[in-house]
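Contents: one structure, followed by commentary.
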Amino acid sequence: MEEKKWKIVLSNVCRDYDDGGEEAVNVLNRLNLHIREGEFLAIVGPSGCGKSTLLDLLAGLSVPTSGEILVDGQSTRETSVRCGMVQQGYALFPWLTVRENVEFPLSLRDVPVEERRRVSDRELRKVFMEGYADHYPSELSGGMRQRVAIARALASDPSFLLMDEPFAALDPETRETLQDELLHIANTADKTIVFVTHDVFEAAALADRVAVMTANPGTFREIVDVPVPRPRKIATLRTLPEIRETTRYIARLIHRDQPDATPGENISDAAVI
Amino acid sequence: MEAVVHDLPAESRGIASSLRGALGRHPVAVRAVCSAAPVVAFLLFWEAAPRVGLVDPIIIPPLSSDAQAIAAMVKSGAIFGHLAASLGRASLGFVLSLVVGIALGILIGWNERIRATLNPLLTLFAQTSPIALFPFFIVVFGVGEVSKVGIIFWGCVWPILLNTISGVSHVDPLLVKAARTMGATGGQMIRRVVFPAALPEIFPGIKISASYAILMLCAAEMLGAKAGLGYLVSYSQHVFQNANMYAAILLIAGLGVLVNWLLLKAERHVCRYRLSA
Ligand SMILES: Nc1ncnc2c1ncn2[C@@H]1O[C@H](COP(=O)(O)OP(=O)(O)OP(=O)(O)O)[C@@H](O)[C@H]1O
Ligand SMILES: [Mg+2]
């Protein structure tokens, strides 16, 4: 019963990859974490530390080599997880148009056609892709594909959202608009969001807590609380002292091995790792 | 291509498109003439060679008398029985192989263990010439329709089966993962993700099978039948109606070209998302 209030519980989660019978590589080692219902958790860490591997585990797409993950109190070994997911490679269906991609999760559930259409119109407008509804993914730029993947993840209005660097390929203005949109979603709806990014400011600005990871093997170095209440707006966050302080603290954690590289006044330079 | 055009100012866009139009139409026409020329030359040679005495017109009649033979058989209605018999056998065998090949291919390709176990056996079967197996079919199924459709099915099923297995095993795991997070059931995964993802690889197999269908059809009908284009070829040869024999051969060739063209159209339509890349 105790687990009920937790959306996600990780206990001693390990994940090994064994490549072709050789010595197994330990990618994630003994992760422990509780995520509240409705919480926004950001994950930062160097490339290759296992962030995408962790998201796969949370989505139930793979299971831990040892340890246990509970989503809504149920082990991911036994029940499948329904969630909205933006994968690092976008994973758009190349044979479907942009609109059909966004409507795909709804069509699996036999949502009526008019309702699907209404949702895809709305979600595509949110990511500024309404003019490309009838294009195929191969006709889009990387940033456009990323936005379609975001629209598709939001289309089924999931209560659990997993996003792997969803804004990485976007220009700064579009990114800021979508960050605001995500803040809006996090503020209003009771969604649990796990969000991977390399942008430390983005992590601090969006999340309630930031999990800072280290590599080889991947572990949580520290879980940092962001002491800023909601609702938030990106525009005001940039200059907010608490955010600047948190950003600097996280950046220092990541650059621990190079103490000289601690950021000076210019946060945005150091913010991207 | 379109995106580039959008970025250009209106006036240079006009120039660009008219330039492309002028360059575009011309090579198409040139290419059409170039690729038609060898065919036309061959047909002209066929017409001329017997007339000028290059070949014996009894053995190879000029093309026009073969065409007259077709016209005569159309007028008498004799050809339609043969056509119907051949089309019926070929399409039954082909459609059966399509259904079985794709269904079995997805089943085998989707399960890595089954695939690894069955691969050597399937390769062995696929490499065994169906013509060599024809006596076996006759022994088992007799000389009737079953062995004819059976041999067509056997010849057609392997390219479709092997291409489906390969296509299914090459499906991008990211797409499967994406559909799983959306709660796709097993059936939805197969129908909505695995099959469409594998289709570009399945289609070349279908095209090969279609040409095998006609090949096996002719072989089966020449080895024992009472109607059909293949039967018409061998029967006409037996009774020295050479014009009729060439007429049947022409019809078989025409059928092959037609089927190939239809499948090419279908492939373009089904895989259009790739062509626009
Ligand atoms: N399928 C796999 N087989 C073997 N090793 C893998 C596999 N997938 C990932 N790895 C290894 O696991 C480690 C973590 O990979 P992962 O993709 O989770 O990193 P990441 O933190 O998401 O990196 P990035 O920030 O670059 O996306 C890497 O060292 C990678 O080589
Ligand atoms: Mg990653």
For this session: Output the residue which, of all residues in the range A:148-205 that are within 16 Å of ligand 2 (Cβ to nearest atom) and in a loop (DSSP other than H, G, I, E, B), is farthest from A:Lys126 (Cα to Cα).
Result: A:His198
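Has the range B:54-71 got any residue that is more than 18 Å from B:Ile249 (Cα to Cα) and in a helix (DSSP H, G or I)? Lay out the reasoning, then the answer.
So the first thing to find is which residues in the range B:54-71 are more than 18 Å from B:Ile249 (Cα to Cα), and the list is B:54-56.
Remaining after also requiring in a helix (DSSP H, G or I): none.
Looking through the range B:54-71, none of the residues is more than 18 Å from B:Ile249 (Cα to Cα) and in a helix (DSSP H, G or I).
Here is a yes/no grid of residues against (1) within 25 Å of A:Val226 (Cβ to Cβ); (2) open to solvent by 10 Å² or more (accessible area, probe 1.4 Å); (3) within 13 Å of ligand 2 (Cβ to nearest atom):
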{"residue": "A:Ile35", "(1), (2), (3)": "yes, no, no"}
{"residue": "A:Gly38", "(1), (2), (3)": "yes, yes, no"}
{"residue": "A:Val44", "(1), (2), (3)": "yes, no, yes"}
{"residue": "A:Pro64", "(1), (2), (3)": "no, no, no"}
{"residue": "A:Gly67", "(1), (2), (3)": "no, yes, no"}
{"residue": "A:Ser80", "(1), (2), (3)": "no, yes, no"}
{"residue": "A:Tyr90", "(1), (2), (3)": "no, yes, yes"}
For this session: Test A:Arg122 against the criterion of being over 24 Å from A:Val196 (Cα atoms), surrounded by fewer than 15 Cβ atoms within 10 Å (Cβ to Cβ) and either among the β-branched types (Val, Ile, Thr) or at pLDDT 90 or above (or both), and give yes or no.
Result: yes
Seminar exercise, completed: With criteria (1) away from ligand 2 (no atom under 11 Å from the Cβ); (2) surrounded by 15 or more Cβ atoms within 10 Å (Cβ to Cβ), A:Gln74 comes up short on (2)
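Of all the helices (runs of 4 or more DSSP H) wholly in the range A:46-144, which have at least 2 residues that are facing chain B (nearest Cβ under 9 Å)?
Details: elements: A:51-58, A:98-107, A:113-126.
In the range A:46-144, A:98-107 are the helices (runs of 4 or more DSSP H) which contain 2 or more residues that are facing chain B (nearest Cβ under 9 Å).
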Seminar exercise, completed: Quick count over the range A:81-117, residues being closer than 20 Å to A:Ser159 by Cα, among the charged types (D, E, K, R) and without any contact (Cβ under 8 Å) to a residue 60 or more places away in the chain, is 5
Problem set entry | Residue among B:Gly254, B:Gly183 that alone is at positive phi and either touching a residue at least 12 places away in the same chain (Cβ under 8 Å) or open to solvent by less than 50 Å² (accessible area, probe 1.4 Å) (or both) | B:Gly183
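Determine if the range A:207-215 includes at least one residue that is away from ligand 1 (no atom under 16 Å from the Cβ), open to solvent by 40 Å² or more (accessible area, probe 1.4 Å), more than 22 Å from A:Ile185 (Cβ to Cβ) and not hydroxyl-bearing (Ser, Thr, Tyr).
The initial filter retains those residues of the range A:207-215 that are away from ligand 1 (no atom under 16 Å from the Cβ), namely A:207-209.
Add one more test, that the residue is open to solvent by 40 Å² or more (accessible area, probe 1.4 Å), and what stays is A:209.
Checking the rest, the ones that are also more than 22 Å from A:Ile185 (Cβ to Cβ) come to none.
No, there is no match, as no residue in the range A:207-215 is away from ligand 1 (no atom under 16 Å from the Cβ), open to solvent by 40 Å² or more (accessible area, probe 1.4 Å), more than 22 Å from A:Ile185 (Cβ to Cβ) and not hydroxyl-bearing (Ser, Thr, Tyr).
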Problem set entry | A:Ser11, sole failed condition from (1) in contact with a Lys or Arg (Cβ under 7 Å, 6 or more places away or on another chain); (2) touching a residue at least 12 places away in the same chain (Cβ under 8 Å) | (1)
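Going residue by residue through the range A:130-139, is there one that turns out to be open to solvent by 40 Å² or more (accessible area, probe 1.4 Å) and touching a residue at least 60 places away in the same chain (Cβ under 8 Å)? So that I can check it myself, show each step before the final result.
Keep residues of the range A:130-139 that are open to solvent by 40 Å² or more (accessible area, probe 1.4 Å), which gives A:130-132, A:134-135, A:138-139.
Right, trim to touching a residue at least 60 places away in the same chain (Cβ under 8 Å) and you get none.
Looking through the range A:130-139, none of the residues is open to solvent by 40 Å² or more (accessible area, probe 1.4 Å) and touching a residue at least 60 places away in the same chain (Cβ under 8 Å).
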Exercise. Within the set of pairs 6 or more residues apart or between chains, which connect a residue that is under 22 Å from B:Gln237 (Cβ atoms) inside the range B:39-67 to a residue that is surrounded by fewer than 16 Cβ atoms within 10 Å (Cβ to Cβ) and basic (Lys, Arg) with Cβ atoms less than 9 Å apart?
Worked result: B:Pro57/B:Arg51; B:Pro62/B:Arg51
Problem set entry | Scope the range B:225-256; condition of a type in the set (Phe, Trp, Tyr) and within 13 Å of B:Ala85 (Cα to Cα); matching residues | B:Tyr231
Exercise. So how many residues does the range B:162-204 have that are acidic (Asp, Glu) and more than 11 Å from chain A (Cβ to nearest Cβ)?
Worked result: 1
Exercise. Would the range A:21-29 turn up any residue that is surrounded by 17 or more Cβ atoms within 10 Å (Cβ to Cβ), under 27 Å from A:Ile150 (Cβ atoms), away from chain B (no Cβ under 14 Å) and within 13 Å of ligand 1 (Cβ to nearest atom)?
Worked result: yes
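The values are calculated or read from the model by the stated rules, or taken from the named source; none is laboratory data. This is a predicted model, so every value here is computed, not measured. All Cβ positions, even for glycine, are placed from backbone atoms using ideal geometry, and neighbour counts span all protein chains on display. Protein only, heavy atoms only, side chains kept; ligands, DNA and RNA dropped before computing areas. Shrake-Rupley method; radii C 1.70, N 1.55, O 1.52, S 1.80 Å.
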